[in-house]
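Participant: Can you read through this structure? Questions will come right after.
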Amino acid sequence: MNDKDELIRRRAYEIWEREGRPEGQERRHWEQASREIAEHERLPPNSQTGDDQTGTIVAPSTAPRGEAGRPAEDAE
């Protein structure tokens, strides 16, 4: 398994866990993770969204609110 496949596998697992571990959704989770990682790779480095502590890729549409999820001028 190459590095990209490992990233996709980890992200698909996170999606599966977040959705309550449903059975039979492996393909959908893999495809969603693959799309998220591909989008992440297309973004310029200064606009990529991620969890700085874990290195987890967070899709822009699902980015958490809070310090990591809002622009610096909005942070308190």
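The values are calculated or read from the model by the stated rules, or taken from the named source; none is laboratory data. Keep in mind it's a predicted model, so treat the numbers as computed, not measured. Using ideal geometry, Cβ is built from the backbone for each residue, glycine included, and neighbour counts are taken over all protein chains shown. For the accessible areas, the whole protein counts, side chains as well, though only heavy atoms, and no ligand, DNA or RNA atoms are used. Shrake-Rupley method; radii C 1.70, N 1.55, O 1.52, S 1.80 Å.
Participant: Can you run down the residue pairs with Cβ atoms below 9 Å, 6 or more apart or on separate chains, where the first is in segment 5-24 and farther than 19 Å from residue 40 by Cα and the partner is surrounded by 10 or more Cβ atoms within 10 Å (Cβ to Cβ) and of a type in the set (A, V, I, L, M, F, W, C)?
Facilitator: Once the first residue is farther than 19 Å from residue 40 by Cα and sits in segment 5-24, its partners that are surrounded by 10 or more Cβ atoms within 10 Å (Cβ to Cβ) and of a type in the set (A, V, I, L, M, F, W, C) give 22/16.
Participant: State all residues of segment 6-47 that are hydroxyl-bearing (Ser, Thr, Tyr) and open to solvent by less than 50 Å² (accessible area, probe 1.4 Å); if no residue qualifies, say none.
Facilitator: 34
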